[in-house]
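The values are calculated or read from the model by the stated rules, or taken from the named source; none is laboratory data. Note that the structure is predicted; figures quoted are calculated from it, not measured. No Cβ is skipped: glycine too gets one built from the backbone with ideal geometry, and neighbour counts run over all protein chains shown. Please note that ligands, DNA and RNA were not included when accessible areas were found on the heavy atoms of the full protein model with its side chains. Shrake-Rupley method; radii C 1.70, N 1.55, O 1.52, S 1.80 Å.
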Amino acid sequence: MSDPNVQEVNFDGLVGPTHNYAGLAHGNVASMRHGGLASNPREAALQGLAKMKALKDAGYPQGVLPPQQRPDLGALRDLGFTGSNAEVLERASREAPQLLRAVCSASSMWTANAATVTPSIDAPDARVHFTPANLQSSFHRFLEPQTTARVLAAIFRDEAHFAHHPVLPATPAFSDEGAANHTRLAATHGDPGVHLYVYGRQAFGGQVEPKRFPARQTLEASQAVARQHGVSAAQTVFAQQHPEAIDAGVFHNDVIAVGNGPVLLYHEMAFLDEQRTLDELRRKMTTPLIPVRVPSEAVSLDDAVSSYLFNSQLLTQPDGSGAMTLVVPGECEENEAVWRTIQDHLLAGNNPINEVVVKDVKQSMRNGGGPACLRLRIVLSELERQGLTGRVLLDDTLYVELTEWVNRHYRDSLTPDDLADPQLAEETLTALDELTRLLNLGSVYPFQLG
């Protein structure tokens, strides 16, 4: 019998004050296309908060995670830039502008890449397990794991309920991109689940690999995370992402598939061996799998990537009916083929999805992240929710305070050239110091730790 008090909490990343379009993510088509344009950090943060508030108001538990400290001046100093903060920024801007853009990236907003999480019901020691992703495939994201680990340890501090594992070795063999390549399927959140780990390549002995863009997740990394968390072979399915999808801009599995409860919504080009993947899931799941397959003739790979249909949040409605809501970005409504598929194939199909909610996250979308990128799903019992440290579960008061905080500290326009402004760095540190007090997190940032 499943525990009705077990709930999935979506922890969304707050967009940071240095949100900018630097076009850093090779293989992320939207990021590359918008590189160099002016961004609006304030609008981006408010769009993210509005999505969180709307889902909270609809009855879905919602948490928040703070952004990273940016610019990462420590990284620039490690790379040989010396002097005052202003001197470091000026020299980096002059000699290595791409490095400066990287250390200012606000990519931690996409918390689907923050970590891989296993709920206590699936772990042998009955604790929730966390492994921060090493994100070694890109320099600007490689800077995140240490702060991510401190933030997660600060919030999920109680060792009776939570277990934290070290980041995997930051080498190509163990390239790990977190929950963006991990889906848990179960009858309900409170039932034992099967974990679908999707990888792009094998480091030791290979199958076919993409030719145009890099595969960011290795089989070896996914296997290591499963071992860390004690997830058994009977609970795991490892599937290779289709190389043609990666070459089309599907840099993570959550750009081509999304799962929730017993439902797996996926594009026919999601998996290299689609039938084997489905067969193994059916064999290992204790409840019937409900596959919702979208064929290429309905939605092309290009349309899937441009609309982020599969980077939507699939949520079990809180009324106990088992029905599900799909939270899609506004770009889905603007794409005729995608919107028609949503209406005729998803909503009219034989599956639990009976509602589609459209959210404007355009600032994030232009950098290559949709609604699903913005959240880390963590299944928690009532006791585990009570064991959280800090003030991170969204309520009306916290929403108002975070909105006011954004309006006080964020700029409404930022270009890549603005990143060298030492005043921006000071503004960011002031904002983050205030945020950690607002969230009652203590000292989690490098500048706070000395």
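Using the alpha-carbon atoms, what tilt in degrees (0 to 90, nearest 10) does helix 396-409 show relative to the longest principal axis of the chain?
So the inclination is approximately 40 degrees.
What does the accessible area per residue of the chain come to in Å², with a 1.4 Å probe and no ligands, DNA or RNA counted?
Details: 16440 Å² over 450 residues.
Heavy-atom accessible area per residue stands at 37 Å².
Would you please classify the overall shape of segment 148-268 from the alpha carbon gyration tensor, given that a ≥ b ≥ c denote the square roots of the eigenvalues, rounded means a/c under 1.5, and beyond that prolate means a/b larger than b/c while oblate covers the rest?
oblate
Can you tell me which lysines have their Cα less than 17 Å from the Cα of Lys51? Leave out same-chain residues fewer than eight positions away.
Here the lysines satisfying the reach criterion relative to Lys51 are Lys359, Lys362.
Can you give the angle from 0 to 90° between the axis of helix 422-438 and the longest principal axis of the chain, with both taken from C-alpha atoms, to the nearest 10?
50 degrees
Rank-order 253-264, 87-98 by packing density, defined as the average count of other C-beta atoms within 10 Å over each peptide's residues, highest first.
Highest mean packing first, the order is 253-264, 87-98.
Using a 7 Å offset from the Cα along the Cα-to-Cβ direction at both Asp417 and Thr287, what is the distance between the two label points in nm, to one decimal?
5.5 nm
Quote the FRET efficiency, to the nearest 0.05, computed for Ala173 versus Arg276 with a Förster distance R0 of 22 Å and r equal to the Cβ-Cβ distance.
Details: r = 24 Å, r/R0 = 1.09.
With a Förster radius of 22 Å, E is 0.35.
If segment 212-319 were replaced by its equivalent ellipsoid, with semi-axes equal to the square roots of 5 times the Cα gyration tensor eigenvalues, what would those be, largest first, whole Å?
Here the semi-axes work out to 22, 19, 13 Å.
If a/c stays under 1.5 just call it rounded; otherwise compare a/b with b/c (prolate if a/b is bigger, oblate if not). Do that for segment 282-417, with a ≥ b ≥ c from the square roots of the Cα gyration tensor eigenvalues.
Since a/c reaches 1.5 but b/c is at least a/b, the shape of segment 282-417 is classed as oblate.
Please tell me the relative contact order of the chain in percent, rounded to the nearest whole number, where contacts are Cα pairs under 8 Å and at least six residues apart.
After rounding, I find 23 percent.
Given the rule -39500 (n - 2.57) for each run of at least 4 DSSP H residues, summed and divided by the residues of the chain, what is its mean residue ellipticity at 222 nm, to the nearest 500 deg cm²/dmol?
-9000 deg cm²/dmol
Could you please state, rounded to a whole Å, how far the C-alpha centre of segment 265-302 is from the C-alpha centre of segment 393-450?
41 Å
At 1.4 Å probe size, with the rest of the protein present, what percent of the exposed accessible area of the chain is carbon and sulfur atoms?
For the chain, the apolar C and S fraction of the accessible surface comes to 50 percent.
How much accessible area does Thr316 have with a 1.4 Å probe, in Å² rounded to the nearest 10?
Its accessible surface works out to 50 Å², give or take rounding.
Aspartates and glutamates within cross-link reach of Lys284: Cα-Cα under 20 Å, excluding same-chain residues under 8 positions apart?
Asp122, Asp191, Asp273, Glu274
What trypsin sites (Lys or Arg not before Pro) in segment 321-386 are in a loop by DSSP, with at most 10 other Cβ atoms within 10 Å of the Cβ?
Sites meeting the loop and neighbour criteria: none at all.
Pulled fully out, how much extra length does the chain show between Ser84 and Asp125, if you take 0.36 nm times their separation in residues and subtract their Cα-Cα distance?
Details: separation 41, 0.36 × 41 = 14.76 nm, distance 4.84 nm.
Difference between extended and current length: 9.9 nm.
By the gyration tensor of its Cα atoms, with a ≥ b ≥ c the square roots of the eigenvalues, what is the shape of the chain: rounded for a/c under 1.5, prolate for a/b over b/c, or oblate?
Cα axes put the chain in the rounded bin.
Could you sort Asp302, Asp176, Asp433 by their accessible area in this structure, using a 1.4 Å probe and putting the largest first?
From most exposed to least exposed: Asp302, Asp433, Asp176.
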